[in-house]
Structure formats: structure tokens, C-alpha cells
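The values are calculated or read from the model by the stated rules, or taken from the named source; none is laboratory data. The structure displayed is predicted, hence computed values, not measured ones. Cβ sites come from the backbone with ideal geometry, for glycine too, and all protein chains shown count toward neighbours. Keep in mind that these areas ignore ligands, DNA and RNA; they rest on the heavy atoms of the full protein, side chains included. Shrake-Rupley method; radii C 1.70, N 1.55, O 1.52, S 1.80 Å.
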Amino acid sequence: MTDIHTPRLLLRRWQDDDLVPLSEIHADPTVMRWIGDGTPRSLEQTAEDIEAWEEEWDEEGFGVFAVELLGSGELAGAVGLYVPDSPPEVAGQVAITWRMARVFWGQGYASEAAHATLEFALQDRGIDRVVAVCRTADTASSNVLDKLGMQAEGATVDPAYGHDVRMYGIDLTEFEG
């Protein structure tokens, strides 16, 4: 099991007692606005997400971490790596993703967790390039990608949901860890 400690966070694999707190994050329409089709997810859908993330860990050797606050042990969200199916421009590459409970927005937690995830990709998994897909209007996530040093590499329409998205990438051999 891989745990990553940052100054304020613990990134870890999923536990049974994470389901309800993550489902509460997924039930918030403001959080989910930029994820997938933009609709909140049910408890059952959240359970399916966690199961799929854990399967990716088993199959790929990486996946989406639970993000826990070190001080309180509270689940703040999720961050990690996955292999997207679309858009075609990034399909099959390793991508970074995150979602944080709204109460934790604007405090640098997403940037801190994503930075640690990129270090993990390079140092622990030997991944030399990571991409990201961000809805064009999602300025908060664009700001996190900028802080990570990821470069915009083009725009397209997500074929699954019809949203305008921008694709980003970073060569981790140049990543400032």
C-alpha cells in the first residue's frame, strides 16, 4: 500500500469508511459541475467509482488516492492518476484528476495533493509524462494545472459529454519536485 504524506495531507488507498464522505462530496452539484456530465453522483455510483479506482491500482500500479486531512482525519476529496478513454487526443495516456469537497476549496489542498501525485508518478512509478483534461470554463482547475507547471496543449470537444475542454501535459523529467 502506498501512502504519501504532504505537510497537511495524507494520500492513501480507499477504505470502507470513505464511501459516505465521498458520496457527500459527489452529491454536491457545485463540486460535480466540472466532472463527467456535471451531475451529482449517488451513493451507489460513488461505490462504483471507488471500486473502479481500486481496480486501476491493481491493474496499472497507480490510481486515485483518498485525500485525508492530517490534522482531523477528515476525507477532503480524491486525487490521482488514471488512463482516460477520451478525448482521443489523450486516450491511453496517464492523466491526473482531482475533486475536493467545497469546504476545502481555495486553501491550496488540490494543488498540494496534485503536486504530490506528480512526484509519485515520476519518482515511484517512473512515468515520464502526465496529461490533464480540463473543462475550458473551469478556471480553478486551470489555475491548479498552471501551478503544477502543466502546459496547455490544445483544445477539443469531449466526445462523451460535448463540453469544450483544454488538454494539458507535462514532461515529468522537467518537473520541479
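The table that follows gives values for the structure above.
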item: Count - residues of region 74-102 that are open to solvent by 40 Å² or more (accessible area, probe 1.4 Å), under 28 Å from V20 (Cβ atoms) and either modelled with pLDDT under 95 or not in a strand (DSSP E or B) (or both); result: 3
item: In region 161-174, the residues that are surrounded by 12 or more Cβ atoms within 10 Å (Cβ to Cβ) and under 17 Å from P87 (Cα atoms); result: Y161, H163, V165, R166, M167, Y168, G169
item: Cβ-Cβ under 7 Å pairs, at least 6 apart or on other chains, region 107-135 side under 17 Å from G169 (Cα atoms) and open to solvent by 40 Å² or more (accessible area, probe 1.4 Å), far side at pLDDT below 95 and assigned to a helix (DSSP H, G or I); result: L122/L172; D128/L172; D128/T173; R129/L172
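This table checks each residue for (1) of a type in the set (D, E, K, R); (2) touching a helix residue (DSSP H, G or I) at 6+ places or on another chain (Cβ under 9 Å); (3) touching a residue at least 12 places away in the same chain (Cβ under 8 Å).
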{"residue": "L11", "(1), (2), (3)": "no, yes, yes"}
{"residue": "D28", "(1), (2), (3)": "yes, yes, yes"}
{"residue": "G38", "(1), (2), (3)": "no, yes, yes"}
{"residue": "T46", "(1), (2), (3)": "no, yes, yes"}
{"residue": "W53", "(1), (2), (3)": "no, no, yes"}
{"residue": "E59", "(1), (2), (3)": "yes, no, no"}
{"residue": "V64", "(1), (2), (3)": "no, yes, yes"}
